[in-house]
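Nothing in this text is a laboratory measurement; each read-out follows from the coordinates by a stated rule. It should be emphasised that the depicted structure is a prediction, and the values quoted were computed from it without experimental measurement. Note that each Cβ is placed from the backbone with ideal geometry, even for glycine, and that neighbours are counted across all protein chains shown.
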Amino acid sequence: MNVLDQYVMRDPSDQNILDLFDGEWSSRMPAASELTTRPGTAALFEDGRITWAEQQLGSFSGSEVLELGPLECGHTYMLHQRGAKSIISIEANSRAFLKCLCIKELFGLDRAHLRLGDFVAFLRGNEKKFDATIASGVLYHMQQPMEVLDLMSRSSDRLFIWTHYFDAGVIAANEAVGKKFEQPQHASYNGFQYEFARQSYEKALDWAGFCGGPETQSAWLTRDSILGFLQHCGFSSLETAFEHPNHPNGPSFAICAKRA
């Protein structure tokens, strides 16, 4: 690229900011903003999962929230709108982080504090207890998802998780998804027995807007392993919703977990 191509010689506008990442956006902007993104198919700024999470976990107003993997700050925007006192959002993907900075500027998210780096490393050293931890679309990108669940369970007594999970029958029936998986394995974490399968990102790594994990593979837990371990960690209230066993990218669901 010629260095002169980096100049934007149009009237300053919010749309110019989004166009810096044209073709790389996963999120669709809020309808009222009249801003556009490409491909921009996911309604993460107007997401019923966050509305449901607040209904299950209690109001986010006045809360100190930890958000793992904000992607493009759609859920950060929603938490901010709902009056969260502070939101620490940790993103490892540098291009996603830059998009988050764009969104923070566009929508004035002054109570959101963006951090560039590995949230697993952060959780390992964290001693603070947050009012809520939000982990949407990250668990199935992890190398050691059981450790991540364990660390999240220490970060807060209120968790919201949306994730894909491994189901051998459903995965095998989806040829496009199934070919990416290895055979399932059984393992133990701190005495808890669980099942998982490794998957490869394959061609998804070729997209500039890739929003997966930092390695070529990740580990997907089974649904029962996830729920069972949360119970093992002392979460007495587990609510599930947005069940989508036939999701084109693999089975998925949302969980709200609370300790009494």
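Any residue at all in region 172-194 that is surrounded by 16 or more Cβ atoms within 10 Å (Cβ to Cβ), within 18 Å of His141 (Cβ to Cβ) and β-branched (Val, Ile, Thr)? Within region 172-194, one or more residues are surrounded by 16 or more Cβ atoms within 10 Å (Cβ to Cβ), within 18 Å of His141 (Cβ to Cβ) and β-branched (Val, Ile, Thr).
Residue-wise test of (1) surrounded by fewer than 17 Cβ atoms within 10 Å (Cβ to Cβ); (2) in a loop (DSSP other than H, G, I, E, B).
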| position | (1), (2) |
| --- | --- |
| Ala208 | yes, yes |
| Gly213 | no, yes |
| Ser218 | no, no |
| Leu221 | no, no |
| Ser225 | no, no |
| Phe235 | no, yes |
| Thr240 | yes, no |
| His247 | yes, yes |
| Ile255 | no, no |
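Condition (residue is assigned to a loop (DSSP other than H, G, I, E, B) and loosely packed, with under 12 Cβ neighbours inside 10 Å) applied to region 121-143: is it met by at least one residue? Give the steps one after another, and end with the answer.
Kept after step one, since they are assigned to a loop (DSSP other than H, G, I, E, B), are these residues of region 121-143: 126-129, 131, 137-138, 142-143.
From what's left, loosely packed, with under 12 Cβ neighbours inside 10 Å: 127-128.
Yes, the conditions are met somewhere in region 121-143.
Can you list residue pairs whose Cβ atoms sit under 7 Å apart, with the first residue in region 202-215 being within 13 Å of Asn93 (Cβ to Cβ) and the second being among the aliphatic types (A, V, I, L, M) and buried (at least 18 other Cβ atoms within 10 Å of the Cβ)? Count only pairs 6 or more apart in sequence or on different chains. From residues that are within 13 Å of Asn93 (Cβ to Cβ), the pairs are Cys211/Leu71; Cys211/Ala96; Gly213/Met142; Pro214/Ala92.
Taking residues in region 223-240 that are over 20 Å from Trp52 (Cβ atoms), and partners anywhere that are assigned to a helix (DSSP H, G or I) and not hydroxyl-bearing (Ser, Thr, Tyr), the pairs with Cβ atoms closer than 7 Å and at least 6 places apart or on different chains are Phe229/Met146; Phe229/Leu149; Cys233/Asp150.
Out of the residues in region 163-206 that are outside any loop (DSSP other than H, G, I, E, B) and basic (Lys, Arg), state the one that is farthest from Gly23 (Cα to Cα).
Residue satisfying both the conditions and the ranking: Arg198.
Quick test for you: out of Phe60, Phe21, pick the one residue that is under 22 Å from Gly108 (Cβ atoms) and more than 18 Å from the chain's Cα centre (by Cα).
On the way: Phe60 fails: more than 18 Å from the chain's Cα centre (by Cα).
Step by step, each of Phe60, Phe21 is checked, and only Phe21 is under 22 Å from Gly108 (Cβ atoms) and more than 18 Å from the chain's Cα centre (by Cα).
Checking each residue in region 54-97 for being part of a loop (DSSP other than H, G, I, E, B) and crowded, with 18+ Cβ neighbours inside 10 Å picks out Phe60, Ser63, Gly69, Pro70, Leu71, Glu72, Cys73, Ala84, Ala92, Asn93.
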